[in-house]
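K.L.:
This is the structure I want to talk about, given as structure tokens.
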Amino acid sequence: MNRRDFITVLSGAAAAWPRAARAQPAGPPVIGVLDPGDPEPTKVAAFLKGLGETGFIEGRNVAIEYRWAHNESDRLPELAADLVRRRVAVITTVSSAAALAAKAATPTIPIVFTSGIDPVQIRLVASLNRPGGNITGAASMATDVAAKRLDILHRLVPRATRIAVLSVPEPSIEPIIADLRAGAATLGLQIEFAYASSIQEIDAAFARLAQMRTEAVLVNASPVQLFQNRRVQLALLAVRHMLPVMYPSRIYAEAGGLMSYGPSGNDSMRQAGNYAGRILHGDKPADLPVLLATKFELVINQQAARTIGFEIPSMQLALADDVIE
């Protein structure tokens, strides 16, 4: 092959390289992690474990840029834009709100999300099996989980017949509300719904539930991070009004909430790490089906139970995946 032919072949090969790959700076690939909260060592460890399953080790053959919003969700668009400017190879998002911010920031950089809300419903992906575009991830179906959560709450607080549900008022929770109504009817429970979209409204909602003589409360999952960001406030209000409250994930129980049931956030992060590694190896997000949560955990905070004078049935306590003393 003469020099001219070699240059022609080389130029054609370069033109065929993926645009995102050519845009990457020299050195190991960089993954951006966008999280609406604070650093959580167990979640980071789970993410790194998933990456390791595909052969990527932080500091050896991959670098990671972490962006924490520190419970200020309005910073997510700014942080997502910063990762885009950094030209990371993949963006991994922790929560659906972070995923929506990343999706708005880039139509080309691959995004791997974890979400507690149906990603099709909030238009993150076109479908679960064929996400399309530049985004895929791991999700739990909040509608299905909410009904199970209500059933567990009923078993943990068997004397309660008046149950209240606290939600953020948004269209995405309407199927969840319908499912909870059906579940309450099956269990023979009276169910009321309270809504809050600000710190002040959370206080007002709990005061109203106390006046209604609510006997137990279920806090709904939501793509908006209001409740997650105010989980300490929720735990304190539960104590003030002496109410047993069920939450959608263990971070609430770790913050002082009585109990939670939901998908394992650590397992979702491991799955996200695995997908991020596969994308670095060349897989396309559009071809990777959204992974559904298969590992769920019941977490009970015994200290919170003692604070409100609530005794959890020993049989149910034995079924908990984790008991915080």
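K.L.:
Mind listing whichever residues of region 203-223 are closer than 23 Å to Ser96 by Cα and not in a loop (DSSP other than H, G, I, E, B)?
P.N.:
First, pick out the residues of region 203-223 that are closer than 23 Å to Ser96 by Cα: 218-223.
Leu218, Val219 - these are the residues of region 203-223 that are closer than 23 Å to Ser96 by Cα and not in a loop (DSSP other than H, G, I, E, B).
K.L.:
So which residues in region 96-113 are farther than 20 Å from Pro289 by Cβ and of a type in the set (Gly, Ala, Ser), if there are any at all?
P.N.:
Selection gives Ala97, Ala98, Ala101, Ala104, Ala105.
K.L.:
Sticking with this one: Residue check: is Leu180 touching a Leu at 6+ places or on another chain (Cβ under 7 Å) and within 21 Å of Ile300 (Cα to Cα)? Quick ask: steps written out before the conclusion?
P.N.:
Numbers: touching a Leu at 6+ places or on another chain (Cβ under 7 Å): yes; within 21 Å of Ile300 (Cα to Cα): no.
The answer is no for Leu180.
K.L.:
Here is a follow-up. Of everything in region 71-95, what is polar (S, T, N, Q) and under 10 Å from Pro36 (Cα atoms)? Give them in sequence order.
P.N.:
Step one: of region 71-95, the residues polar (S, T, N, Q) are 71, 73, 92-93, 95.
Correct list: Asn71, Ser73, Thr93, Ser95.
K.L.:
Gly132 fails exactly one of the following numbered conditions: (1) surrounded by 18 or more Cβ atoms within 10 Å (Cβ to Cβ); (2) closer than 30 Å to Leu51 by Cβ. What is the number of that condition?
P.N.:
For Gly132, the failing item is (1).
K.L.:
Same structure, new question: Inside region 250-283, can you point out the residues that are surrounded by fewer than 24 Cβ atoms within 10 Å (Cβ to Cβ), within 13 Å of the chain's Cα centre (by Cα) and closer than 19 Å to Ala305 by Cβ?
P.N.:
Ile251
K.L.:
Next up: Considering (1) within 18 Å of Met269 (Cβ to Cβ); (2) touching a Ser or Thr at 6+ places or on another chain (Cβ under 6 Å); (3) not aromatic (Phe, Trp, Tyr), say which one Lys49 fails and leave the rest.
P.N.:
Failing condition for Lys49: (2).
K.L.:
Another question about this same structure. Identify the single condition in (1) of a type outside the set (Gly, Ala, Ser); (2) touching a helix residue (DSSP H, G or I) at 6+ places or on another chain (Cβ under 9 Å); (3) free of Cβ contacts under 8 Å to residues at least 24 places away in the same chain that Asp74 does not satisfy, given that it satisfies every other one.
P.N.:
(2)
K.L.:
Then there's this: Can you spot a residue in region 31-39 that is more than 17 Å from the chain's Cα centre (by Cα) and at pLDDT 95 or above? Step through it out loud before you land on a result.
P.N.:
Going through region 31-39, the residues more than 17 Å from the chain's Cα centre (by Cα) turn out to be 31.
Next, from what is left, pick out any that are at pLDDT 95 or above: 31.
The answer is yes, given that some residue of region 31-39 is more than 17 Å from the chain's Cα centre (by Cα) and at pLDDT 95 or above.
K.L.:
Something else: For region 169-176, indicate whether the set of residues that are at pLDDT 90 or above, out of contact with any helix residue (DSSP H, G or I) (no Cβ under 7 Å at 6 or more places or on another chain) and surrounded by fewer than 19 Cβ atoms within 10 Å (Cβ to Cβ) is non-empty.
P.N.:
So the first thing to find is which residues in region 169-176 are at pLDDT 90 or above, and the list is none.
Within region 169-176, none of the residues are at pLDDT 90 or above, out of contact with any helix residue (DSSP H, G or I) (no Cβ under 7 Å at 6 or more places or on another chain) and surrounded by fewer than 19 Cβ atoms within 10 Å (Cβ to Cβ).
K.L.:
Within region 155-164, does at least one residue satisfy the condition of being within 26 Å of Leu292 (Cβ to Cβ) and either touching a helix residue (DSSP H, G or I) at 6+ places or on another chain (Cβ under 9 Å) or among the aliphatic types (A, V, I, L, M) (or both)? Working first, answer last.
P.N.:
Going residue by residue through region 155-164, those that are within 26 Å of Leu292 (Cβ to Cβ) are 155-156.
Checking which are either touching a helix residue (DSSP H, G or I) at 6+ places or on another chain (Cβ under 9 Å) or among the aliphatic types (A, V, I, L, M) (or both) leaves us with 155-156.
Within region 155-164, one or more residues are within 26 Å of Leu292 (Cβ to Cβ) and either touching a helix residue (DSSP H, G or I) at 6+ places or on another chain (Cβ under 9 Å) or among the aliphatic types (A, V, I, L, M) (or both).
The values are calculated or read from the model by the stated rules, or taken from the named source; none is laboratory data. Computed from a prediction, not measured in an experiment: that's the story for all the values here. Quick reminder, even Gly has a Cβ in these numbers, built from the backbone with ideal geometry, and neighbours come from all protein chains shown.
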